[in-house]
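J.: This is the structure I want to talk about, given as structure tokens.
Read-outs: derived from the displayed coordinates by stated rules, not from any lab. Just so you know, these numbers come straight off a predicted model, no measurement behind them. Using ideal geometry, Cβ is built from the backbone for each residue, glycine included, and neighbour counts are taken over all protein chains shown.
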Amino acid sequence: MSSFVLIASLIFATYGVAVIEEWVSTNRLRLAGPLISTLRLLGQENILPRKSDRLFFEVGPVLLLIAALLSLAVIPLAPGLIVTDLATGALFFNAALAYVLVAMIMAGWGPDGAYGMIGGWRFLGQLIAYAMLVVMPITTVAMRAESLSTIDIVNSQEMLWNIAYQPLGFLLFLFAGMAMAFVPPFDLPVASGELAGGVEAEYTGVRLIIFRLGRMVLILSVSSAIVVFYLGGWLGPFGPDWSWSMIKILGVAALMLSGGRMLPRIREATLLAWSWKLGIPLALANIFLVGVLVLVVPL
Amino acid sequence: MSVQVIFLLAFGLAAVWFGIVVFRTHSMVRSALALLFSQTAVGAMFLVMQAEFLGVLQIMMMATEMSIMAIFMVMFMMDPGGLGEMDMKHQRKLSLWAGIIAFGGASGLALFGDWGPIATQIPDAGEQVRLLGIELLGRSMLIFESAGLTILTAMIAATSIAVQPPHRPKETPDKSKEPYQVHNHGGAA
Amino acid sequence: MFGSREFSKPNLLHGLIGRATGNDLRVLVVPGPELALAGGLDLMDAGLRMASGPRDANVLLLLPPLGDKMLNAASVAFAQMPRPRAIVALGVKNISPLPEADIYGELSQAGLIESVNSLRLHFAQNSFSNSVQSFDAPALQSRIEYTCPMHPEVVSNQPGSCPKCGMDLVPRETGTDTGQPEEKSVQKTQSSSNAAHAHSSHVKTAPAEVDHGEHKKADGESGDATAKYTCPMHPEVVSDEPGSCPKCGMFLEPVKAESDHGSHSHGSHSHESESSVSKLIGLEPGFMSMIEMTEGTPRSSDGLQMEWITVPFGPFFPGLPAGFGLELTLDGDNVAKATTSSFCGFSDSLENGPINAGDYVENLQGQMPLAPLTYRLLACRAIEAAAEKTSENDNLRDATLAQERIASQLRWLTNLGRQLGLKGIERKAAKLQLLIIGADYEQIIKLTPELSQFIKKVKATPFLRRRLDAVGELPPQSNWDGPQSIENNAAGRLVARLDDISQSLALIKKAGAIGEIKLAEIGNAAGHGHASVDTARGKANLHVELKGGQVISAKLDTPSMRHTELVAPLTDQQELGDALVAIASIDISPWEMRV
């Protein structure tokens, strides 16, 4: 029963993210939107570009989806509502999402299109910017929980959510998470205005469905990680645990997707400069600060 | 044969297979990513052997490292699309001998090395993480800290070499820039 | 059916998919979304979403005016669009080489909405069909020919065996370098959204797609005829085809006489490493060293040696003015070289001999769909100057000009919003533009507060100024006469354009009305005349020569013609994204460029 609830809620949440995504990008709310788009793509011709690296072209989107799904495996929606509670869950989340990069490089390289190729490699540059800002805030979260298990991390926030306990870490992780899920203004690899779709540019039909689905699951996964690490996961005053998880996750996804639309797409150079010159010192300071807090006021 | 052994064998074979692909393929990017998946398979072997932290760490680190290697290979080796049909094997005699010696050494070490008493009880994953942390801040601290510092130094040195000082004149005259250069420096004598 | 997918027996699911397709329309506008805006069409309102490229589109929307070059490019884009797809032509009839449009409509918002409704029906019924025709853009056509792997001089139209050695002939596409598979990443062009470029003959990046009227060898630039393959271990083994060495089975590596510049550099490395490395003592031939390999290849000013590729952006690139052909040679993701072209340029050569002054005015207006009244005014002024007449309602004419300037700046803002991913600005600027173009004096005055508020909002957009600060610095003494800015960068020009909107509004208010632009009666006047007009992009100049009331020669000088020269210095060594923003910041109109 619980696995059915888990799968159903993950599908529902993914669909929700897709609805929000369409809403913020077209300014129109269409509940059936993602369904219609999927149907359209299902009927679309599956074009294989000439001279493509067929293996990479096919594997890229699938790997993106698999990596995103694997990272979801360690996200608890409620106690017991988790695919697998790994003792190294927080690290595993990051390890799985490292393969998003591999998928993007493969998908960008495969079709043999300049836009896709540049998009794929751009994402590598982006990873160099955000990678440390994902790992270092996770470290402080784990420091407080004294565990890498995501269940333990949520339980450690019983008294006070991490967003209040380590707000700096939250901001850094939100920023890095948005870059990791390449939502605007960090959508450098799939930018329409700069690369005519970038990595997505050559994909059509079913392959594009898989790519987009992978991306939606990725956004869902990142927003659930933010909820688990900083917003107390399933913790809520009343009602069933999983509903709190869902509300928070969709809320964070909406925030990530809409917030970025107000800002111009970031420059690659600015992103790297800010991450390394500002982000990493702040993350180090955060580790120090939380280290002191954990020793002095263990909540 | 337990399920564990079967999986270990499967991932081991996958690691070796991807290792072979590294040299068999004719595309730079495929070669680099084959190396990545070879390393990922090794990480999966760690997982099968219930060394969870090591496995996850290996899987995570390799994705980034090999991708970075791939971009450097592509940037400098110029084999876009992998249709250049490049040969990945070079200095065959030397590498053959190096490979044989390294393989012999490694298998010798594996067979005849003193591996200490066989552990009967595997600590659970959480405990492993704790023990690893204690190890890193205990006996192995000096080694890891000096290794880390060395890498940091190398990184800073490499970066400072790579960065071109902004005001130093370029060594090679660049034709494409000429239209914007100022020519009459001295003026008439 | 050129747009349907083949299915012998469409079933219920196909009907559902067809309906879904009709409700999820992604449109590629030809010549471009600016033309839709300038023509008063609200695509969003009609339920159309802008596609980011041909692969993303299922509707090709054609709007007038369409030149041959544009139609050719459109046919390439149509060939790239995945089925099911449809063509909608508003206000245009002859669209060859494209196949017949699925829906014709009139050029108005009502016509657009009506067309979209029939389009929905069309997709619901015709998404799948059992009689499917394939469409090959003439610009893309290539022929398969057969050649002997050992004797490249043997070429046949049919498969068979070589008369010299009896080997089986292998197929290849004409124009493709069999020896240059590395062309590949450049070939991207074709598959990518802007392949439309591929047909223009100077682009040699997509050989498989280039029009093959001329035989390969006639193409002086392709030094690939000399491309040979050799074994890294056995230099005596030389072949014209890639393959493996008969002695050791190793892959043959390409050797080429000389590396050519940039676009071809993919392949050029190997021979370099080959020839120079073998001179080094102690290294086996074929040993790869990065230094050797990159010797002699073009080197950018940062000193880092990287692979160069040539990528076309345009004519339908979402972040650039539609119809503008930009070709960037990229060194990594830095721009090493930029060349520009226009797919919809004007011609002021009066091929059909002298024409009536009145017709000339109409003609020039028609050639400039993005600033019709501005150029109408320019033509009128120049002719009046030649006839030594003075027009009486200069103030009102200036107000008309100001109105068009506002519309032009708003279209520029729409493009900027699209390029930078600022959906809010993109939508709002497009909406205001639609309100401005058809508006009379009272309506414009009524719109003033909304416009001022929008200007304030754009100026206050977080990080926008910062984003634009670092890009688009013009070299000193460059020939720039667009909106004058305090800061010499893209941010400065954004502010200057916003201020231009405010000033134009003030000008209209002062004029008190908007005048019609009519050519003064000139009779049979003769003489030379010169006039200039401040367009939204800079000063446009026109020289005309009149004789007997007819224009016998004209010379037009537009701001975009001068500003395209700034593209190279602006983009030199800039990161790709920055380069595109810098180009957008100088607002080039391809309509104002010569063909």
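J.: Quick one: compute the contact order of the stretch C:5-138, relative version, from alpha carbon pairs under 8 angstrom and 6+ residues apart, as a percent.
T.: For the stretch C:5-138, the relative contact order is 34 percent.
J.: Let's test the formula: R0 of 45 Å, r as the Cβ-Cβ distance of residue B:110 and residue B:68. What FRET efficiency results, to the nearest 0.05?
T.: Details: r = 30 Å, r/R0 = 0.67.
Between residue B:110 and residue B:68 the formula returns 0.90.
J.: Taking θ = phi - 60°, what integer Hz values does the Karplus form 6.51 cos²θ - 1.76 cosθ + 1.60 yield along the stretch C:85-94, in sequence order, with x for Gly and Pro?
T.: With the stated coefficients, the stretch C:85-94 comes to 8, 8, 10, 10, 10, 9, x, 10, 10, 8 Hz.
J.: What number, in percent, do you get for the relative contact order of chain A if the mean sequence gap of Cα pairs under 8 Å and at least 6 apart is divided by its residue count?
T.: On the way: 494 pairs, mean separation 77.7, N = 299.
Reported as a whole number, the value is 26 percent.
J.: Taking 0.36 nm per residue of sequence separation and subtracting the Cα-Cα distance, how much length would be gained by fully extending the chain between residue C:6 and residue C:132, in nm to one decimal? Please report the intermediate quantities before stating the final value.
T.: Numbers: separation 126, 0.36 × 126 = 45.36 nm, distance 0.57 nm.
Between residue C:6 and residue C:132, full extension yields an extra 44.8 nm.
J.: Which FRET efficiency value, to the nearest 0.05, do you get for residue C:349 and residue C:484 by plugging their Cβ-Cβ distance into 1/(1 + (r/R0)^6) with R0 = 45 Å? Don't jump to the answer; show the numbers that get you there.
T.: Values: r = 32 Å, r/R0 = 0.72.
That pair, residue C:349 with residue C:484, gives E of 0.90.
J.: What FRET efficiency would be calculated for the residue pair residue C:453, residue C:16, taking the C-beta separation as r and a Förster radius of 30 Å, to the nearest 0.05? Write down the numbers at each step before the final one.
T.: Details: r = 44 Å, r/R0 = 1.48.
Between residue C:453 and residue C:16 the formula returns 0.10.
J.: Between residue B:26 and residue B:154, what is the label-point separation in nm under the 7 Å Cα-to-beta-carbon projection?
T.: According to this spin-label approximation, the distance is 3.4 nm.
J.: Here are some pairs, C:428/C:518; A:277/C:337; C:431/C:456; C:431/C:457; A:248/C:428; which of them have Cα atoms lying more than 23 Å apart in this structure? Walk me through the intermediate numbers first.
T.: Numbers: C:428/C:518 33 Å; A:277/C:337 31 Å; C:431/C:456 16 Å; C:431/C:457 15 Å; A:248/C:428 31 Å.
Checking Cα-Cα distances, C:428/C:518; A:277/C:337; A:248/C:428 exceed 23 Å.
J.: Please work out the Cα center distance from the stretch A:157-222 to the stretch C:425-466, rounded to the nearest Å.
T.: If you average the Cα positions of each part, the centres end up 31 Å apart.
J.: Determine, for A:268, C:426, the number of other Cβ atoms within 10 Å of each Cβ, and report the residues in order from fewest to most.
T.: On the way: A:268 19, C:426 22.
Arranged by neighbour count, lowest to highest, A:268, C:426 become A:268, C:426.
J.: Within chain A, which whole H helices from DSSP have a Cα span along their axis of at least 15 Å and a mean Kyte-Doolittle hydropathy of -0.5 or more, if any? If you can, show how the numbers build up before the last one.
T.: Details: long enough: A:2-26 (36 Å, 1.39); A:54-72 (28 Å, 1.99); A:89-109 (31 Å, 1.81); A:114-145 (45 Å, 1.13); A:167-180 (19 Å, 2.04); A:205-230 (37 Å, 1.75); A:241-259 (27 Å, 1.03); A:280-296 (24 Å, 2.69).
In chain A, the long hydrophobic H runs are A:2-26, A:54-72, A:89-109, A:114-145, A:167-180, A:205-230, A:241-259, A:280-296.
J.: Residue by residue through A:30-40, how many Cβ atoms from other chains fall within 10 Å of the Cβ on average? It would help to have the intermediate numbers written out before the result.
T.: Details: counts 2, 0, 2, 2, 0, 2, 8, 5, 3, 9, 14.
For peptide A:30-40, the averaged partner shielding equals 4.
J.: Using per-residue counts of other Cβ atoms within 10 Å, averaged over each peptide, order C:18-28, B:101-111 from highest down. Don't skip to the answer; put the middle values down first.
T.: Numbers: C:18-28: 23.2, B:101-111: 9.6.
Going by the mean number of other Cβ atoms within 10 Å, highest first, we get C:18-28, B:101-111.
J.: Between residue A:73 and residue B:140, how many nm apart are label points set 7 Å from Cα along the C-beta direction?
T.: 2.5
J.: Next up: Ignore the peptide's own chain and count Cβ atoms of other chains within 10 Å of each Cβ in A:52-58; give me the average, rounded.
T.: Per-residue shielding by partner chains comes out at 3.
J.: Still on this structure, I have one more. Averaged over C:47-58, how many beta carbons belonging to a partner chain fall within 10 Å of each residue's beta carbon? The partial results should precede the final answer.
T.: On the way: counts 1, 0, 4, 1, 3, 11, 10, 2, 14, 8, 0, 3.
Average per residue, whole number: 5.
J.: Please list, by residue number, everything in the stretch C:19-38 whose backbone N is under 18 Å from a paramagnetic label point 7 Å out along Cα→Cβ of residue A:35.
T.: Answer for this model: C:19-25.
J.: Return the whole-Å distance between the Cα centroid of the stretch C:60-82 and the Cα centroid of the stretch B:2-40.
T.: 47
J.: Let me ask you something else. With each label point set 7 Å from Cα along the Cα-Cβ vector, what nm distance links residue A:48 and residue B:121?
T.: Going by the 7 Å Cα→Cβ label model, 5.7 nm.
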